[in-house]
Amino acid sequence: MKPPPFDYHAPRSLGEALEILAAAGREGKVLAGGQSLIPMLNMRLTHPRHIVDVNGLTELATVEAGPGGVLVGALARHAQVEHSEQVAAVQPLLRRALRLVAHPVIRNRGTVVGSLAHADPAAELPAVLALLGGSVRLASAGATREVPAGAFFTGPLESALRPGELAVSALFPALAPRSGTAFHEVARRHGDYAVAGVAALVVLDEDLRVVTARAACVSAGPVPVVVDVSGACGHRPWGSADWRGAAAAVRDGTEPEADIHASADYRRHLLGVLAERALTEAARQAAQEVERKAARG
Ligand SMILES: Cc1cc2nc3c(=O)[nH]c(=O)nc-3n(C[C@H](O)[C@H](O)[C@H](O)COP(=O)(O)OP(=O)(O)OC[C@H]3O[C@@H](n4cnc5c(N)ncnc54)[C@H](O)[C@@H]3O)c2cc1C
């Protein structure tokens, strides 16, 4: 199928892009990697009158990894973030998650910020941003605002983005000391969107007791579902914490829906199994990190 007719704009600067978006209002759509927008246009699921192609804004193709976290510009491709050793050192969950996103050819073109803006509850990166407590920077002609992940995702394919706004970057906070992460999912075929998935973050103290344990679930509701199970782990040593009980609490904190791929019950079952795997792996990663640090002195 062919897309509905639209006016195509290719701004050469951020200021120009914001002016075009301001004039277009509700009729404007940003084109980034096009890996979600182009299929939606071709299937006539969206009918914008103005497409604002931001691929010429090379100033937004940035990835900065520092002590505060990883700041990803709007034009940074999935692959650019996935393959960065600096990113992997500052926040390893990004690489873990990105390897589960589609196929390399799609990751070469699709953007991290585009995936957040698309706000698909089956996508990995919104769950990562929500789990880590990251944020998205939104710009419009004359204003910018920083929206925390918890307020950014508002429904399936819906976000806090207003007409005229462009998401210019996203901040994924750095991994804290004595922390570990993991991401497990089940997809019908490798590279497909997940039927269910769980990202986990575990923080230990110096005696390897669980301080924080959190999970973010994919395909578990209209937005990424974050469940804090620190209490369920009762500040116990990570090796004897009740991870099965914690995983059950994660599962019970979700309300997945049925679709053509899975029943709601099957999804809930998967979320429990995946949560246990992700939480225990994240705890193991955290313990190894503590041991590596102790060995280094
Ligand atoms: C076969 C296939 C399999 C896939 N599998 C997965 C998967 O397993 N997991 C997964 O997470 N994704 C998957 N994707 C989607 C892929 O990750 C997309 O790249 C991503 O969702 C959107 O990024 P994009 O840069 O291509 O955005 P686009 O397609 O260009 O845009 C998507 C939406 O976001 C808006 N948008 C984009 N950038 C901005 C911005 N900076 N500011 C404001 N609005 C913006 C657009 O207007 C549009 O509404 C798959 C895609 C395909 C084709």
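The values are calculated or read from the model by the stated rules, or taken from the named source; none is laboratory data. Owing to the predicted nature of the structure, the values given are computational and were not obtained by experimental measurement. Heads up, the Cβs are rebuilt from the backbone with ideal geometry, glycines too, and the neighbour counts pull from every protein chain shown. The area values use the complete protein model at the heavy-atom level, side chains included, leaving out ligands, DNA and RNA. Shrake-Rupley method; radii C 1.70, N 1.55, O 1.52, S 1.80 Å.
If you take the square roots of the eigenvalues of the alpha-carbon gyration tensor of region 209-291 and sort them as a ≥ b ≥ c, do you get rounded (a/c under 1.5), prolate (a/b over b/c) or oblate? Since a/c reaches 1.5 and a/b is larger than b/c, the shape of region 209-291 is classed as prolate. If the Kirkwood radius is taken over C-alpha pairs of the chain, then at 10 °C and 1.306 mPa s the Stokes-Einstein diffusion coefficient equals 81 µm²/s.
Using a probe of 1.4 Å, the accessible surface attributed to residue 153 totals some 20 Å² when neighbouring protein chains are kept in position. Binning the alpha carbon pair distances of region 142-291 at 5 angstrom intervals from zero yields the distribution 2, 10, 17, 18, 17, 15, 11, 7, 3, 1, 0, expressed in whole percent. If the chain linking residue 257 and residue 47 were pulled fully straight, counting 0.36 nm for each residue of separation and taking away their Cα-Cα distance, it would gain 72.9 nm. Rounded to the nearest 20, the Cβ-based charge dipole of the chain about its Cα centre (Lys and Arg +1, Asp and Glu -1) stands at 420 debye.
A simple packing score, the average count of other Cβ atoms within 10 Å per residue, orders the peptides 198-205, 133-140, 80-87 as 198-205, 133-140, 80-87, with the highest score first. Other residues lying with their Cβ under 12 Å from the Cβ of residue 140 contribute a combined charge of +1, Lys and Arg counting +1, Asp and Glu -1. Region 1-56 and region 209-244 have Cα centres separated by 39 Å. Take the chain with all the other protein chains still there, run a 1.4 Å probe, and you get 46 Å² of accessible area per residue.
How large, in percent, is the carbon and sulfur part of the accessible surface of region 34-86 at a probe radius of 1.4 Å? Carbon and sulfur: 55 percent of the exposed surface of region 34-86. Compared with the rule-of-thumb size 2.2 N^0.38 Å for a compact globular protein, region 1-142 has a Cα radius of gyration ratio of 1.06.
From helices alone, the chain scores -10000 deg cm²/dmol at 222 nm; the rule is -39500 (n - 2.57) for each run of n ≥ 4 DSSP H residues, then divide by the residue total. Taking amide H as placed 1.01 Å from N in the peptide plane, the amide H of residue 31 sits under 5 Å from that of 52, 53, 54, each at least 5 places away or on another chain.
Extending 7 Å from the Cα toward the beta-carbon at both residue 103 and residue 16 defines two label points whose distance is 3.5 nm. Other residues within the sphere of radius under 15 Å centred on the Cβ of residue 271, judged by their own Cβ, net out at -2 (K and R +1, D and E -1).
For the chain, the relative contact order is 15 percent, taking Cα pairs closer than 8 Å that sit 6 or more residues apart in sequence and dividing their mean separation by the residue count. Compute the Cα gyration tensor for region 154-196, then decide on rounded, prolate or oblate, letting a ≥ b ≥ c be the square roots of its eigenvalues: rounded whenever a/c is under 1.5, prolate when a/b is larger than b/c in the other cases, and oblate in all that remain. Judged from the Cα gyration tensor, region 154-196 comes out oblate (a/c at least 1.5, b/c at or above a/b).
When a/c is below 1.5 the answer is rounded, else prolate if a/b is larger than b/c, else oblate, so apply that to region 1-59 with a ≥ b ≥ c taken from the square roots of the Cα gyration tensor eigenvalues. Oblate.
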